[in-house]
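**Student:** Shown below is the structure under consideration.
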Amino acid sequence: MQVSYQRHFQPEFLYIRSAIASGEIGKLTSVTASLYQQWRQGSPGSWRANPAMSGGGFLMDSGSHIIDVLLWTTGLTPVEVKPQLHMHGSTVEIDTFTSIRFAEGQVAGLNLVGYSPCWHETFVFCGEEGGIFYDNGAITLRRLKQEPIVPELPKQETNQDKSFIDAIFGRHEVLVPGEFALKVVKLSEMIYQAAGYDPNAAVTDAGEEQPA
């Protein structure tokens with residue numbers, strides 16, 4: 001079994017994970033992860049807007065990939081969340097804004113906006129000695145009072161499809177095992193529970209919203 005989290009194979013995120021682990025920005029202090037997508041406009045009438053099939057809204061769909069990056073690149077363990085949800089008249093949640101506290105002491109902001117005019121993805125990893133800024137594929141390494149650095153990224157060796165076939169043929173181990181999805185699901189459930197939100201109990205009247 002391999003989870004199709006494609007960012008595990010992209011040079012930008014491989015660099016971020018390696019840079020954090022090697023101390024390029026010192027001890028990590030905070031993370032901000034944001035995704036904007038025109039999800040609300042395209043979901044009505046689809047399986048994505050049916051909580052019985054989707055299990056939730058934007059958080060459970062595109063948002064799962066952002067949560068994966070947040071946890072995979074940092075290795076942090078969430079222990080407390082404080083979310084705000086907005087349904088925008090849908091049967092599933094659309095926008096989610098969550099502050100997260102980790103067991104290791106860091107904090108994070110997770111912003112998932114499904115009611116947006118376009119796709120935009122940003123991550124900011126701040127540490128005691130610098131920060132890594134990711135904006136729609138472009139990465140900048142910043143240190144206090146120094147010029148920004150555009151780092152050299154590793155070459156992409158494989159992808160989520162080829163690596164899965166190679167694992168089947170025994171060429172290497174499964175690179176994204178199910179444990180990554182389990183971590184994402186656990187944090188997603190923490191957010192829903194903290195918000196008092198149950199996708200299956202969402203109202204069907206488009207003119208109302210479930211309090212969250």
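**Student:** Take the residues in the range 22-37 that are assigned to a loop (DSSP other than H, G, I, E, B) and more than 13 Å from D61 (Cβ to Cβ), then tell me which one is most open to solvent (accessible area, probe 1.4 Å). Before the answer, list the steps.
**Tutor:** Here is the first cut: in the range 22-37, the residues assigned to a loop (DSSP other than H, G, I, E, B) are 22-27, 37.
Imposing the further condition that a residue be more than 13 Å from D61 (Cβ to Cβ) reduces the set to 22-27.
Working: S22: 80, G23: 34, E24: 72, I25: 1, G26: 16, K27: 119 Å².
Ranking the qualifying residues of the range 22-37, first place goes to K27.
**Student:** Moving on. Among the residues of the range 158-183 satisfying the criterion of being part of a loop (DSSP other than H, G, I, E, B) and touching a residue at least 12 places away in the same chain (Cβ under 8 Å), which is most open to solvent (accessible area, probe 1.4 Å)?
**Tutor:** L175
**Student:** While we're here: Return the residues of the range 126-143 that are touching a Ser or Thr at 6+ places or on another chain (Cβ under 9 Å) and either touching a residue at least 40 places away in the same chain (Cβ under 8 Å) or among the aromatic types (F, W, Y) (or both); say none if nothing qualifies. Give the derivation first.
**Tutor:** Of the range 126-143, the ones touching a Ser or Thr at 6+ places or on another chain (Cβ under 9 Å) are 126-128, 131-136.
Across the range 126-143, the qualifying residues are C126, G127, E128, G131, I132, F133, Y134.
**Student:** Scan the range 44-59 for residues that are surrounded by fewer than 22 Cβ atoms within 10 Å (Cβ to Cβ) and either assigned to a loop (DSSP other than H, G, I, E, B) or of a type in the set (A, V, I, L, M) (or both) and report the count.
**Tutor:** Number of matching residues: 8.
**Student:** Would you mind finding the one in G89, G105 that is over 26 Å from P11 (Cα atoms) and modelled with pLDDT under 95?
**Tutor:** After ruling out the rest, the residue left standing is G89.
**Student:** State all residues of the range 135-151 that are in a loop (DSSP other than H, G, I, E, B) and within 15 Å of H120 (Cβ to Cβ); if no residue qualifies, say none.
**Tutor:** Once the filter is applied, which keeps residues that are in a loop (DSSP other than H, G, I, E, B) and within 15 Å of H120 (Cβ to Cβ), the range 135-151 yields N136, G137.
**Student:** Which of the residues that make up the range 81-103 are part of a loop (DSSP other than H, G, I, E, B), at negative phi and touching a residue at least 40 places away in the same chain (Cβ under 8 Å)?
**Tutor:** Across the range 81-103, the qualifying residues are M87, S90, T91, V92, E93, I94.
**Student:** For the condition closer than 29 Å to S22 by Cα, polar (S, T, N, Q) and exposed (fewer than 13 other Cβ atoms within 10 Å of the Cβ), what is the one hit in Q106, Q146?
**Tutor:** Unique residue meeting the criteria: Q146.
**Student:** Kindly indicate which of T74, T96 is surrounded by fewer than 21 Cβ atoms within 10 Å (Cβ to Cβ), at pLDDT 95 or above and β-branched (V, I, T). First the steps, then the outcome.
**Tutor:** Working: T96 fails: surrounded by fewer than 21 Cβ atoms within 10 Å (Cβ to Cβ).
Among T74, T96, only T74 is surrounded by fewer than 21 Cβ atoms within 10 Å (Cβ to Cβ), at pLDDT 95 or above and β-branched (V, I, T).
The values are calculated or read from the model by the stated rules, or taken from the named source; none is laboratory data. Predicted model, so just to flag it, every value in this text is computed and none were measured. In this analysis, Cβ positions are derived from the backbone assuming ideal geometry, glycine residues included, and neighbour counts consider all displayed protein chains. SASA here: full protein model, heavy atoms, side chains in, ligands and nucleic acids out. Shrake-Rupley method; radii C 1.70, N 1.55, O 1.52, S 1.80 Å.
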